[in-house]
Ligand code: ZN
């Protein structure tokens, strides 16, 4: 087993961003590659992203956008731009691509030499409905973890880590390109988003995962944002979704 895996999430149909991340993964010889869901939704290349994730044999879980795109769930909780993009996305996907999304589990357990990890799109309470955005919401998921186990999640598009020591929940800021030692207390790790970062850094984000050494490192990769935006405008996708890629929020 290769010691260094890669973890990414929330590619959201952004081909240029996903290709940039996978290029970095290849350049560093990382693998296997874990995908925490939301392969589609918002971006102009949902089919390409599904096919690429499949072709590479990434280990995936289902995201909320994937579930709606595949017809497994309604879009009742989507805001108007997200809903418009979702209707467009649904029309792009082939039956085959929908079937692939439908086949994805909502969470997986990964046994590593340094402990058990869970991969999930949004949280450990309801998989991908609610968001981990505060110490209170983080605690609900941290309570599901055994001492020494940890989880990898996405959904909020923000790279960070949460830990719980006793009752104390701490949000850890991410330092890019530096190892973060995963402590032996319940821990939640978010790689940040590939295709629509929301932490005011417009570069695609992913995680290098040293499963043996129980540590991880956040990475950022530049991509051709203007190319993605031009395709979004040509497809008639909401301007709000186009411009937010520049700001990374
Ligand atoms: Zn997402």
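Each value in this text was obtained by applying a stated rule to the coordinates, not by laboratory testing. On a predicted model such as this, the values are computed, not experimentally measured, just so you know. Note that each Cβ is placed from the backbone with ideal geometry, even for glycine, and that neighbours are counted across all protein chains shown.
Remark: relative contact order (the stretch 24-174) = 20 percent; criterion is Cα-Cα distance under 8 angstrom and separation of 6 or more residues.
In terms of the mean number of neighbouring beta-carbon atoms within 10 Å, the peptides 6-14, 199-207 order highest first as 6-14, 199-207. The order of the peptides 53-63, 37-47, 104-114 by mean Cβ neighbours within 10 Å, most packed first, is 37-47, 53-63, 104-114.
Estimated at 0.36 nm per residue, the fully extended path between residue 125 and residue 165 surpasses their Cα-Cα distance by 12.5 nm. Relative to the longest principal axis of the Cα atoms of the chain, helix 225-234 runs at roughly 40 degrees.
Its Cα gyration tensor gives the stretch 145-249 an equivalent ellipsoid, and the semi-axes of that ellipsoid, as √(5λ) in whole Å with the largest first, are 32, 14, 10. So, R0 is 22 Å and r is the distance between the beta-carbons of residue 201 and residue 133; what FRET efficiency does that work out to, to 0.05? Computed FRET efficiency for residue 201 and residue 133 comes out at 0.75.
Each of 76, 66 was scored by other Cβ atoms within 10 Å of its Cβ. Listed from fewest to most, they are 76, 66. Taking the average, over residues, of other Cβ atoms within 10 Å as the packing measure, peptides 218-226, 17-25 rank 17-25, 218-226 from highest down.
Taken along the Cα-to-beta-carbon direction at a fixed 7 Å, the label points for residue 215 and residue 26 span 2.9 nm. Spatial offset of the stretch 1-69 relative to the stretch 142-202 amounts to 19 Å, using the alpha carbon center of each. Between 0 and 90 degrees, the angle of helix 46-55 with respect to the longest Cα principal axis of the chain falls at about 50 degrees.
A Förster distance of 45 Å, applied to the separation of the beta-carbon atoms of residue 55 and residue 116, puts the FRET efficiency at 0.95. Given their separation in residues at 0.36 nm each and the Cα-Cα distance between them, residue 146 and residue 249 gain 33.8 nm when the chain is fully extended.
Thinking of the stretch 1-141 as a set of Cα atoms, what percent of all their pairs are more than 20 Å apart? Considering the stretch 1-141, 48 percent of its Cα-Cα pairs are separated by more than 20 Å.
Here residue 172 and residue 109 are evaluated by their C-beta separation; at R0 = 25 Å the FRET efficiency comes out at 0.60.
Largest first, the three principal axis extents of the alpha carbons in the chain are 50, 39, 33 Å in whole numbers.
Each residue, residue 222 and residue 79, gets one label point 7 Å from its Cα in the Cβ direction; the gap between the two is 2.9 nm. Between residue 102 and residue 87, the simple spin-label model (points 7 angstrom out along Cα→Cβ) gives 2.3 nm.
The Rg/Rh ratio for the stretch 43-107 is 0.95, where Rg is the radius of gyration of the alpha carbons and Rh is the Kirkwood radius.
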